[in-house]
Amino acid sequence: MKTLKHTIYIAAGLFLLAACKPEINVAPASKGTADFSRYIAIGNSLTAGYADGGLYLEGQQNSYPSIIGKQMQAVGGGEFKQALFSQAQSNGSGYLQLTGFSATGSPITAPVTTGLAVRGVQAIPGFGNVVLYTKFTGETDNYGVPGIKLQQITYAPYGNLNGYYERLLPKSSPNNTTAYLDFVTAKPFTFFTNWLGNNDALGYATTGGAGDVLTDKATFQALYNLLITKMTAAGQKGAVATIPDVTAVPYFNTVTVGAILAGVQKANPAVAALYISAKTAVSVDAAYAPRAAKASDLIVLTFPTTKIGTPVSTVAGMQPYGLTPYSPIENQYVLDEDEVALTKDYVDAYNTTIKSVAAAKGLAVFDAYTFLNNLKAHGMIVNGISVNSSYISGGIFSLDGVHLTPRGYAIVANEFIKAINSTYNSSIPLADVSAYRGVKFP
């Protein structure tokens, strides 16, 4: 009897526990006021799924538009198609892989050069050589083109100058005349995401201001208005993203002036400073002059630190590279303090345009500028995983220090989805970030 009573008490307790189980209210899947039956994505390398310094199959499969497209299927979205590389050519353009670490903890990478989708090189007079990739002839909803700027979306010959875009077009270089804006709007669609404009600032920043120019602010405004007007011409809805603060990515925050100087001073404590060639004012037209480097000068990730101290022929005779005003670190390796301020000024102007145009059209906005700056300052925990902006260990940025890992792209996809749900009263489920990897270790 005692056993029977005990059993009854346990059963009653379990019943009460079950009765007290909290209910989790999950909003029913709904498309809200939007139509996701054909979703297309326009943008640059981030949209294409570029990662680790290249475009390859795994990156494409984990692009943020692909993740958004899968989640949209829960609320009536159609199949999201992409211009994927084949399995036989799955390494696409080639990319970097992590092979180990040096004795001092620096990562060692090597290029992947097999299984590529390269079909040749086309010489374009007055421009240079363009790498051509295996043509894609099927349907695609992801129009991400690595390298494209907003500035180039109406330039008809652009299809001959960018091998990633040329790959999507029916004709071969140098016979293409289809402007990007006309190409992406040629077939009907109901919803779009747009993350164009990054390269209008990033191209300048990643070359230390030496290899590219910032797109004129008025030109950016005019083209963005033209773009969104055409994307919404048939009443389509969509989501746009702002341009990130270029200093929020590890490409500019991993190799620092302080770390290089500390390394030099271990061997020669008498060295007091590094020298760089820097702008003399916050102006596009400002001249360059050598000066001692500051912590606010940003050294790019690709700077070959082994050059420091090597003898260089100068007007003052042979001088150690980077350690005297006669042999400063060259422009292309440093986004100096004034170049940082200049870039931020342009990005702020671009983002004012993006938010203004989006508001006028009632579009959702993923504020990538604010999101990535918050991530840099505080990190975040998502689906039980801690991530931040640190190079490799942070889990979000791939080996090139600019583009994202699959986990980073899943996080971005969710930020887009949150903005879409908020704007259109939809309930697209978020992706499970824990299902996507960070940096792949050897």
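Bridgeable lysines around K355 (alpha carbons under 28 Å apart, same-chain partners fewer than 8 residues away excluded): K31, K70, K149, K187, K217, K230, K237, K344, K376, K418. Taking a span of 20 Å or more along the helix axis (Cα atoms) and a mean Kyte-Doolittle hydropathy of at least 1.0 as the rule, the DSSP H helices of the chain that qualify are 2-20.
Report the full-extension gain for the segment K187 to V131: residue separation times 0.36 nm, less the Cα-Cα distance, to one decimal in nm. Each step should come with its number before you reach the end.
Values: separation 56, 0.36 × 56 = 20.16 nm, distance 2.75 nm.
Contour length minus the Cα-Cα distance gives 17.4 nm.
Counting only C-alpha contacts under 8 Å and six or more residues apart, can you give the relative contact order of region 195-297 as a whole percent?
Computed value for region 195-297: 18 percent relative contact order.
Note on region 72-170: Kirkwood radius taken over Cα pairs, Stokes-Einstein applied at 25 °C and 0.890 mPa s, translational D equal to 152 µm² s⁻¹.
Computed from these coordinates, which is log10 I(q)/I(0) by the Debye sum over Cα atoms at q = 0.07, 0.13, 0.14 Å⁻¹: (1) -0.37, -1.23, -1.38; (2) -0.41, -1.22, -1.39; (3) -0.31, -1.09, -1.26? Structure-derived value, by its label: (2).
Judged by the mean number of other Cβ atoms found within 10 Å, the most tightly packed of the peptides 241-248, 285-292 leads the ranking 241-248, 285-292.
Under the criterion of Cα pairs below 8 Å and six or more residues apart, the relative contact order for region 241-319 equals 32 percent.
Placing +1 on the Cβ of every Lys and Arg and -1 on the Cβ of every Asp and Glu, with nothing else charged, gives the chain a dipole about its Cα centre of roughly 1160 debye.
Think of the chain as having a plus end and a minus end, set by charges on the Cβ of Lys, Arg, Asp and Glu; of A267, G120, P311, G120 sits farthest toward the positive end of this dipole. Extending 7 Å from the Cα toward the beta-carbon at both D345 and T113 defines two label points whose distance is 4.4 nm.
Per-residue ellipticity at 222 nm for the chain, helices alone: DSSP H runs ≥ 4 residues times -39500 (n - 2.57), over residue total, nearest 500 deg cm²/dmol?
Rounded to the nearest 500, it is -9500 deg cm²/dmol.
Projected label points at S386 and S102, each 7 Å from Cα along the beta carbon direction, are separated by 2.8 nanometres.
Inter-part distance, region 199-270 to region 394-442, computed on C-alpha centroids, equals 20 Å.
In this simple spin-label approximation, D285 and Q332 carry label points 7 Å from Cα along the Cα→Cβ vector, and these lie 2.6 nm apart.
Read the figures in this text as sums done on the coordinates, not as results from a lab. Small disclaimer: the values here were computed from a predicted structure and weren't measured. Here Cβ is always computed from backbone atoms with ideal geometry, including for glycine, and neighbour counts include all displayed protein chains.
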